[in-house]
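In what follows, a structure is listed as structure tokens, so that the remarks can point back to it.
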Amino acid sequence: SIQPVYGAQHPPLDSRLTKSFIKDCSKASALPMKSKKASSFHEFARNTSDAWDIGDDEDEDFSSSSSSLQTLNSKVAKATAAQVLENHSKLRVKPERAQSSLSNLPTNCKVIKSSSEAQLSRTSEEACVRTALQKQQSLPLRPVIPLVARISDQNASGAPPMTVREKTRLEKFRQLLSSHNTDLDELRKCSWPGVPREVRPVTWRLLSGYLPANSERRKLTLQRKREEYFGFIQQYYDSRNEEHHQDTYRQIHIDIPRTNPLIPLFQQPLVQEIFERILFIWAIRHPASGYVQGINDLVTPFFVVFLSEHVEEDVENFDVTNLSQDVLRSIEADSFWCMSKLLDGIQDNYTFAQPGIQKKVKALEELVSRIDEQVHNHFRKYEVEYLQFAFRWMNNLLMRELPLRCTIRLWDTYQSEPEGFSHFHLYVCAAFLIKWRKEILDEEDFQGLLMLLQNLPTIHWGNEEIGLLLAEAYRLKYMFADAPNHYRR
């Protein structure tokens, strides 16, 4: 079975897991390379705490243990933290230089692989010897983005908010959207490199097929579809208490608090009620699949985009009780219909035995074996199965691997690409895997590979990284999708 493990949006919060992982890292530096390693995925899974199983008691343990960690003078702590961030930027810019610098660190300095763990273990890292870090050459720092970066601030590269080119693009979108009959093919071409935040809600409704291209019909269509959705709620929602629906409702009720647990917006009771209704109505209307874990994540990008239409400030910390009932009903209905349109194209991912995901993971394995045989053979050597990490990539459309701002940018392209969620996503996953080839080849045991693949350091990603990823995916698609003999052995 595949156990969920936190990714970019869900860093591990279990103090025992964090402390044991730090301890393992420090032991690894002192012991010979031939240490005991997990021989199989099942053994690895047994030895890894499930991050979903955090209880109130464990939260108390975490707070008490963090207070007992070594404390430093505030000036020393700030200086050391800055050096840790500088080291992280060097790993991105010049890996070989950073590796040589890291080799100079003393053995008692605890190095943490995952950037999300680094956020939670900052105090521990600050205890490292400063002199070793100061020896590193100074490189320009990228802007620091917090663990949960502002969703509206999508560009991690520090670019100005609106360049001349972006203003021109925004004007082009506004012309297309205001025309009597919007040219959807032209809108897709403009949307592929990303949609400006100001026009994203309307553009997504059009690209998903929820709104008609004719501008005169849009208002009536929205009114009719919203009324239809709330008709479903009146008709079906009370049945959640019936015996044959209790398992579905219970699973939804458990999964909702797990959806983006570090973003305050999604922890508000009113937002969680909206998500419960959307997911339950979808499950009732799609009995072939019903509700499957992972579908709850797919609501969040739509909800955030349609909420941003009514909120000027940062939506992450916005209190939705400040919105009128009519606005909230509109956001809820639009999120339901757009999510439904998305799932219509990938429903075989969620039917019994999830055959769509099984096929896509097999296709990913075959594709990687053709484009990077060294990485493929490295997985085989250490008995890593693609299903062990790529199942989540297909089930959640990489949402657990990327910050939410990156998912929204990725979906701009998915909605403008033919069969973006069902077909193009495969090539994005392949490009995403090869992006980490150096880190993958550096890991020389099963457990190290699984820990890397399930906690990839993407927390600082923005538009720039997603643009490069999509460009590589596009290249792979046209190299293999249109030349099937290249794809097969």
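So here's what we get for this one:
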read-out	value
Failed condition for H460, given (1) touching an Asp or Glu at 6+ places or on another chain (Cβ under 8 Å); (2) open to solvent by 10 Å² or more (accessible area, probe 1.4 Å)	(1)
Residue tally, condition closer than 19 Å to D297 by Cα and open to solvent by less than 100 Å² (accessible area, probe 1.4 Å), over the range 242-252	4
Test for S191: is it touching a His at 6+ places or on another chain (Cβ under 7 Å) and either in the same structural domain as C338 (by the TED database) or open to solvent by less than 70 Å² (accessible area, probe 1.4 Å) (or both)	no
Hits in the range 405-446 (condition: assigned to a helix (DSSP H, G or I), touching a residue at least 12 places away in the same chain (Cβ under 8 Å) and among the charged types (D, E, K, R))	R405, R409, D412, K435, R437, K438, E439
Selected residue (only one of D314, D297 is in contact (Cβ under 8 Å) with a residue 24 or more places away in the chain and either open to solvent by 10 Å² or more (accessible area, probe 1.4 Å) or on the phi > 0 side of the Ramachandran plot (or both))	D314
Counted residues, the range 447-456 - those being polar (S, T, N, Q), open to solvent by less than 20 Å² (accessible area, probe 1.4 Å) and part of a helix (DSSP H, G or I)	1
Index of the failed condition, E313 passing every other in (1) out of contact with any Asp or Glu (no Cβ under 7 Å at 6 or more places or on another chain); (2) part of a helix (DSSP H, G or I)	(2)
Given (1) farther than 29 Å from K341 by Cβ; (2) modelled with pLDDT of 95 or more, index of the condition N485 fails	(2)
Test: residue in the range 152-168 that is under 30 Å from the mean Cα position of the chain (by Cα), modelled with pLDDT of 95 or more and open to solvent by less than 20 Å² (accessible area, probe 1.4 Å)	no
Close pairs (8 angstrom Cβ cut-off, 6 or more residues apart or separate chains): over 19 Å from Q175 (Cα atoms) in the range 208-229, among the basic types (K, R) anywhere	S208/K341; G209/K341; Y210/K225; Y210/K341; R226/R329
One residue from L397, L402 being on the phi > 0 side of the Ramachandran plot and assigned to a loop (DSSP other than H, G, I, E, B)	L397
Residues of the range 417-446 that turn out to be buried (at least 20 other Cβ atoms within 10 Å of the Cβ) and either more than 20 Å from K359 (Cα to Cα) or among the β-branched types (V, I, T) (or both), as a count	4
Selection count, the range 326-360, where residues are of a type in the set (A, V, I, L, M, F, W, C), open to solvent by 10 Å² or more (accessible area, probe 1.4 Å) and farther than 22 Å from W204 by Cα	2
Evaluation of L387 against (1) farther than 30 Å from V202 by Cβ; (2) surrounded by 23 or more Cβ atoms within 10 Å (Cβ to Cβ); (3) of a type outside the set (V, I, T) (one fails), failing number	(2)
Near pairs, Cβ below 7 angstrom, 6+ apart or cross-chain, from the range 353-366 (under 18 Å from G290 (Cα atoms)) to any residue that is polar (S, T, N, Q) and surrounded by 15 or more Cβ atoms within 10 Å (Cβ to Cβ)	G356/N349; I357/N349; I357/N395
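The values are calculated or read from the model by the stated rules, or taken from the named source; none is laboratory data. Keep in mind that this is a model prediction, so the values were computed, not measured. Using ideal geometry, Cβ is built from the backbone for each residue, glycine included, and neighbour counts are taken over all protein chains shown. Only protein heavy atoms, including side chains, enter the accessible area calculation; ligands, DNA and RNA are left aside. Shrake-Rupley method; radii C 1.70, N 1.55, O 1.52, S 1.80 Å.
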